[in-house]
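Right, one structure below, let's go through it.
The values are calculated or read from the model by the stated rules, or taken from the named source; none is laboratory data. Treat the numbers as computed from the prediction; the structure is a model and nothing was measured. A quick note on method: Cβ atoms are made from the backbone with ideal geometry, for glycine too, and the neighbour counts reach across all protein chains shown.
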Amino acid sequence: MLDCTPKEIKERSGGMINPAKTCQPIGAMYAALGIHNCMPHSHGSQGCCSYHRMHLTRHFRDPVMATTSSFTEGASVFGGGANLKTSIKNVFAIYNPDIMAVHTTCLSETIGDDIPSLIKSAEIPEGKLVIHANTPSYQGSHITGFSNMTKGMVSYLSEATTDVKKEQVNIIPGFVNPGDMREIKKMAQMMGAKFIMFPDTSGVLDSPMTGQFNMYPRGGARVEAIRDAGNSKLTLALGTYASADAAIQLERKCRVPSLTLKTPIGVKATDEFLMTLRQAFAREIPGELEEERGQLVDIMVDTHYHFYGKRVAIFGDPDIIIALTEFVTGLGMKPVYVLTGTPGGTIGGPQDIFEKEIKSILEQAGVQGKAKASGDLFQLHQWIKNEPVDLLMGNTYGKYIARAEDIPFVRVGFPILDRSVQTYLPITGYRGAMRLLEMISNALLDRVDRDAADEDFELVM
Amino acid sequence: MKAAEPAGIIVEERSDFIRTKGRQKQQLKCDADSIAGCVSQRACVYCGARVVLNPVTDAIHLVHGPIGCSSYTWDIRGSLSSSADLYRFSFSTDLKEHDVIFGGEKKLARAIDELVQKYPSKLVFVYSTCIVGVIGDDLEAVCKAAAQRHGIEVIPVQSSGFIGNKSAGYRAACDALLRLLRPPEGKGLAKTRSINYLGDFNLAGEVWIIKNYLKEMGVEVNVAFTGDSNYTSLKKAARASLNIVQCAGSMYYLAEKMEELYGIPHMNISFLGLEDTSASLRKIAAAFGDAAIMSKTEELIARETARVKDAIQWYRRKMEGKKAAIYVGGGFKAISLIKQFREIGIDVVMIGTQTGRQEEYDTITDLVDDGTVILDDANPSELEKFMTEKGAHLLVGGVKERPLAYKLGMAFIDHNHDRKHPLSGFVGAVNFAGEVYSTLCSPVWNYI
Ligand code: SF4
Ligand code: SF4
């Protein structure tokens, strides 16, 4: 059987087994794809770039374009400056984007290439832009990379040009699927709020079939919009880990006040998001959204007995699983293990921010559970082996644990490599919460059906 | 919309890497580094090494580097195993800033110790990644010490990504394998009348199909490199009397070395398509020069060909006249594919590889019709341009090419990691035709 995890738990200090995270550049690449007409560029060896594109392609099932500096031995000795300059020249000559978003890799970081001064001295065609973010993977995770590139957008592009801030809000959605970005935009629109979302991969990585290949699909945040974000009266950072840094940078650079909210997953977090918009724009929540919320709560009431008391293990990216943990406690479930591979603190600061946040959600719900940042799936599996759960929620890699322990499994997060459609549909907002409810209850009830003895096999559940 | 047009501009530096048969006389340029700033489809040294070694089922595959390099290679290759599962786990030293500054040797040693305690494996492969090459960890020394501590084999794989491309990784993997199969000093292995099967990674169980054929012919397979292999079977590799080599790109070097060191002759074979499969089985039988083997081989070929003939004919009638584009990793596979397409009535109008060698491109040029575009290390714009120009209906490629083909409304076949059915041997030929048919003739294309 595909199960090589021993039950006995021992201290480990020599690395990761079955990681619950991946490296910074892929997050930076994903963020950069959320700018319209942008070519992400990987400054390092071609292998990294190839892996990142492959991984994103598998998750989104859409073409993922990115260029690479194609380091060779020379670059590792003399630095990659020449490669970057040639790259900038070639990228604009061949692929003609409006903007090029450079991220580093472990290699170029270790060599110590000074990207800003290289960009300054490069020949950039008139009217074209090059931005960058440092994304060494020996710090943080793909979420950090996403956050760094988003912050880079602000540092390079956003400007405060008006004296009075405009009646508009910046929404930084975090590392979520295009389907979620669409849902969040839909809600903002329904609230009648003028908004700027960046990065925005909707229309890029969930682009429709046209029979044509567009290197730059129609979606993505416009450069002018990101520039104008400096004139907004408020920034909403959805998720501390993927979005807060960019919001803080906007505050610093352009004096746009910011609020960091949870990723709007579940009733409470969605409520908070909408309330914040209502307050900022003195608008009423429209009837349609009230209705959606009412439907969601109705479903929760109709089905709550399916969920009550179920022990669940949740893993994935911090912003997502924090909100998800809150949501499932609201259903009466017990999230006994919550684990992310991403470090749960700030560089040089406290390291237990994630654990504390989860613990406080659990405490409020009266649940005894374990929370862990910088963890791996080996550890999660050991926990489960020692005290089993009724449900596992997380990305595709959870399937090994689900199979070995024979637990129902709901796929959420990144990456999902073995199922499709999920990138088009939300888990955020009230509609997204309904979808989550459907996924969770289907997983639980399918299992009941599968395991029921003939005499217990029920038509109505 | 400007971006929607296939980028007509092929950068000047790239023009030597593209040929149209019949139009240009000079040889195609290949085996060079990619140009900085291109959307290269190429992978790295580590990737090549990992692909070759990964199917060794009972080894601990430990990636010494930051987390990404190992995350992306966690169980992505569909190599099947008949026993151990350890190769499907992802082990990484997860290097942090501290390690990058002060060196990662201690952490690596600790990781090996901890893993060996957990998993009673006799073999650890330690893969070097780019950054390890730069910070200068002495992999050799750490591995040697660990091997002595635990009394097992700990083999470093010198696969820093920037020292070349995927082919350099194949070579690094072969070097690691050579270390593994070296018999202990003074104890030569007695030769047996068996063969090693090189260059099959048992994707979708392909090794098993071929092993069955050979068994029926009366030929014993000593070990396959590296599909469904393990420590014990690889250790005995040197006792074979013949090496047959399927994926020449990754295994040619190993075959040469084994000939040099252990006097095992080798021959290239291919089990892709009816024609190549039959020819290869005959070639193997002939090498043994045994009448019984030869007659059993003829029986097998006759029986299996008869079994699949009608199916292949049926597909051929349905697909005659369709045009295919090919973009795969190695030249050898590309060559086989041209023949395989011919068997089902499909013409190849564009063909390229990531790492094909000069001789392979020469063979390709001989095989294809005039007007076929041949290209090395292509980028997506080039693929798009030529596929559209040549009116291809189908693309054969890897993960990253799939959505590109789909967006162009073109059918697609994965001939790489993500293949779901075995494509080798007689059964494989039918599977291949079936897969081509199911994508080419799917009703979904009617909605575009
Ligand atoms: S760092 Fe080097 S070894 Fe790792 S993926 Fe990148 S190119 Fe390959
Ligand atoms: S070297 Fe760094 S950037 Fe490249 S794949 Fe490995 S972890 Fe990611």
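Each row is one residue, and each column tells you yes or no for (1) in a helix (DSSP H, G or I); (2) in contact with a Ser or Thr (Cβ under 8 Å, 6 or more places away or on another chain); (3) not aliphatic (A, V, I, L, M).
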| site | (1), (2), (3) |
| --- | --- |
| B:Ala238 | yes, no, no |
| B:Leu254 | yes, no, no |
| B:Glu259 | yes, no, yes |
| B:Ser278 | yes, yes, yes |
| B:Lys283 | yes, no, yes |
| B:Met294 | yes, no, no |
**OP:** Search segment B:363-379 for residues being among the aliphatic types (A, V, I, L, M) and part of a strand (DSSP E or B), and hand back the single one that is modelled with the lowest pLDDT.
**Re:** B:Leu375
Original post:
Restricting attention to segment A:154-181, and to residues there that are within 21 Å of A:Ile26 (Cα to Cα) and of a type in the set (Val, Ile, Thr), which single residue is nearest to the chain's Cα centre (by Cα)?
Top reply: A:Val176
Original post:
For the subset of segment B:65-98 comprising residues that are touching a residue at least 12 places away in the same chain (Cβ under 8 Å), of a type outside the set (A, V, I, L, M, F, W, C) and assigned to a helix (DSSP H, G or I), which member is nearest to A:Ala404 (Cα to Cα)?
Top reply: B:Arg88
**OP:** Consider A:Met439 carefully, then state whether it is outside any strand (DSSP E or B) and outside the structural domain of A:Gly330 (by TED's automatic domain parsing).
**Re:** no
Original post:
Among (1) away from ligand 1 (no atom under 16 Å from the Cβ); (2) facing chain A (nearest Cβ under 10 Å), where does B:Thr57 come up short?
Top reply: (2)
Subject >> Cβ-Cβ under 6 Å pairs, at least 6 apart or on other chains, segment A:101-118 side more than 11 Å from every other protein chain (Cβ to nearest Cβ) and in contact (Cβ under 8 Å) with a residue 12 or more places away in the chain, far side among the hydrophobic types (A, V, I, L, M, F, W, C) and more than 9 Å from ligand 2 (Cβ to nearest atom) >> reply: A:Ala101/A:Ala32; A:Ala101/A:Cys38; A:Ala101/A:Ile131; A:His103/A:Ala28; A:His103/A:Ala133; A:Leu118/A:Leu84
Original post:
From the set of residues in segment A:67-81 that are within 13 Å of ligand 1 (Cβ to nearest atom) and assigned to a loop (DSSP other than H, G, I, E, B), which is modelled with the lowest pLDDT?
Top reply: A:Thr72
**OP:** Filter segment A:241-285 down to residues that are surrounded by 24 or more Cβ atoms within 10 Å (Cβ to Cβ) and hydroxyl-bearing (Ser, Thr, Tyr), then give me how many there are.
**Re:** 4
Subject >> Per-region count, segment B:134-158, residues over 25 Å from the mean Cα position of the chain (by Cα) and within 16 Å of ligand 1 (Cβ to nearest atom) >> reply: 5
**OP:** State which residue pairs qualify: first residue within 20 Å of A:Ser141 (Cβ to Cβ) and inside segment A:43-72, second residue acidic (Asp, Glu) and more than 11 Å from ligand 2 (Cβ to nearest atom) in any location, beta carbons under 7 Å apart, and separation of 6 or more residues or different chains.
**Re:** A:His43/A:Asp113
**OP:** Report yes if some residue within segment B:398-414 is outside any helix (DSSP H, G or I), within 29 Å of B:Trp208 (Cα to Cα) and at pLDDT below 90; otherwise report no.
**Re:** yes
Original post:
List the pairs whose first member sits in segment B:260-280 and is of a type in the set (Asp, Glu), whose second member is in a helix (DSSP H, G or I), and whose Cβ atoms are under 7 Å apart, counting only residues at least 6 apart or on separate chains?
Top reply: B:Glu275/B:Lys339; B:Glu275/B:Glu343; B:Asp276/B:Ser336; B:Asp276/B:Lys339
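Within segment A:23-62, how many residues are aliphatic (A, V, I, L, M) and either within 15 Å of ligand 1 (Cβ to nearest atom) or modelled with pLDDT under 95 (or both)?
So the count comes out to 5.
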**OP:** Give segment B:378-401 a look and list any residue that's under 18 Å from the mean Cα position of the chain (by Cα) and at the interface with chain A (Cβ under 10 Å from one of its Cβ atoms), or say none.
**Re:** B:Gly398, B:Val399, B:Lys400, B:Glu401
**OP:** Identify all residues within segment B:58-81 that are buried (at least 24 other Cβ atoms within 10 Å of the Cβ), among the polar types (S, T, N, Q) and more than 16 Å from ligand 2 (Cβ to nearest atom); write none if there are none.
**Re:** B:Ser79
Original post:
Looking only at segment A:33-66, which residues are within 16 Å of ligand 2 (Cβ to nearest atom) and either among the charged types (D, E, K, R) or outside any helix (DSSP H, G or I) (or both)?
Top reply: A:Pro40, A:His41, A:Ser42, A:His43, A:Gly44, A:Ser45, A:Arg53, A:Arg58, A:Val64, A:Ala66
